[in-house]
Ligand code: NAP
């Protein structure tokens, strides 16, 4: 039996792993795809303290993983398919195998939301993307749109402006929600045409995206924009399906914790973007991970007398 099992290898999970290994706890982290979480699909990180020169998301993710591994963190690439969290012994299941631990830290993060349009899924990978950093380079000298008005949309628009011929930023209001410094860059960019007060009504094309139809929410006026790709950046939703009905969460599916990252079940903690909190950022994910590991350590001492 492990001391701690961590579910999810984003920044919150890796930091929790680093802290729990330093505390001398036998820790196993499960990651279903690749470590780094949303950091690894970010182009440049410029607001993480200590990195005064911007660092690419994938480089950042690799550094954090290497850092955690230096303390001996064991990372297993498998998808958790179910969890039994009640009782002293927590059970974690991958296909065909059960793992046990004294405490579990949930750090499954969040993933991009969909617009919910007809054919959105069908066009994914054929002109529809949720990751500008991953797919931007395919759109060199082409016309693309970014949908959304938050930090992700602003960063994506600036990133794509380096490659694309033209970037349309389609936002449902006429002001950006993004942090001031990012919003100012977007507004100042001549390569980015701002399509304010507009939502996407349809994605157009046969085999590949050839355009979008947008509607102005104030005037009702419709416009077809011919383009090659659309990048959807309208926020994230928590990856909490696995723990639905087990762990207390908000209506939107974010896990509710106290300041010690404790969930409603003793010995189960949550950290990072999965958790209901005011600021979803790398710095808060790292902080959550550290606190969750500290709380799990305290719990193990109290519950198991070790
Ligand atoms: P977000 O802050 O939730 O912004 C989502 C944007 O999409 C908003 O502008 C929203 O419009 C719009 N939107 C939502 N649903 C929509 C729909 N159905 N149709 C059209 N537009 C829709 O999401 P985010 O930009 O992905 O950021 C998520 C979190 O990560 C935030 O906490 C953000 O600060 C953080 N983040 C930080 C950085 C950084 O620090 N560099 C980078 C990326 C992300 P309204 O404005 O009208 O609501």
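The values are calculated or read from the model by the stated rules, or taken from the named source; none is laboratory data. In this text the structure is predicted, and so the values were computed from the model without any measurement. Here the Cβ is made from the backbone with ideal geometry for all residues, glycine too, and neighbour counts use every protein chain on show.
So the values come out like this:
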item: Residue 25, sole failed condition from (1) within 15 Å of the ligand (Cβ to nearest atom); (2) part of a loop (DSSP other than H, G, I, E, B); (3) buried (at least 17 other Cβ atoms within 10 Å of the Cβ); result: (1)
item: Residue among 274, 282 that is within 16 Å of the ligand (Cβ to nearest atom), touching a helix residue (DSSP H, G or I) at 6+ places or on another chain (Cβ under 7 Å) and either modelled with pLDDT of 95 or more or assigned by TED's automatic domain parsing to the domain that holds residue 31 (or both); result: 282
item: Filter result for the condition that a residue is at pLDDT 95 or above and either within 14 Å of the ligand (Cβ to nearest atom) or crowded, with 23+ Cβ neighbours inside 10 Å (or both), over 219, 257, 210; result: 257
item: Any strands (runs of 3 or more DSSP E) falling wholly within the stretch 46-135 and containing at least 1 residues that are farther than 15 Å from residue 31 by Cβ, more than 16 Å from the chain's Cα centre (by Cα) and more than 15 Å from the ligand (Cβ to nearest atom); result: 82-84, 90-94, 97-106
item: Qualifying residue in the stretch 205-217 (condition: under 15 Å from the mean Cα position of the chain (by Cα) and not in a loop (DSSP other than H, G, I, E, B)); result: no
item: Among the candidates 183, 157, residue that is within 16 Å of the ligand (Cβ to nearest atom), surrounded by fewer than 21 Cβ atoms within 10 Å (Cβ to Cβ) and in a helix (DSSP H, G or I); result: 183
item: Residue selected from the stretch 238-254 under the condition within 16 Å of the ligand (Cβ to nearest atom) and surrounded by fewer than 16 Cβ atoms within 10 Å (Cβ to Cβ), by the criterion nearest to residue 212 (Cα to Cα); result: 252
item: For residue 1: the one exception among (1) surrounded by fewer than 15 Cβ atoms within 10 Å (Cβ to Cβ); (2) modelled with pLDDT of 95 or more; (3) in contact with a helix residue (DSSP H, G or I) (Cβ under 9 Å, 6 or more places away or on another chain); result: (3)
item: Test result for residue 190, without any contact (Cβ under 8 Å) to a residue 40 or more places away in the chain, assigned to a loop (DSSP other than H, G, I, E, B), more than 11 Å from the ligand (Cβ to nearest atom) and not assigned by TED's automatic domain parsing to the domain that holds residue 283; result: yes
item: Residue match in the stretch 29-43 (condition: under 30 Å from residue 301 (Cβ atoms), in contact with a strand residue (DSSP E or B) (Cβ under 8 Å, 6 or more places away or on another chain) and in contact (Cβ under 8 Å) with a residue 60 or more places away in the chain); result: yes
item: Where residue 289 falls short, out of the listed (1) touching a helix residue (DSSP H, G or I) at 6+ places or on another chain (Cβ under 7 Å); (2) assigned to a loop (DSSP other than H, G, I, E, B); (3) modelled with pLDDT of 95 or more; result: (2)
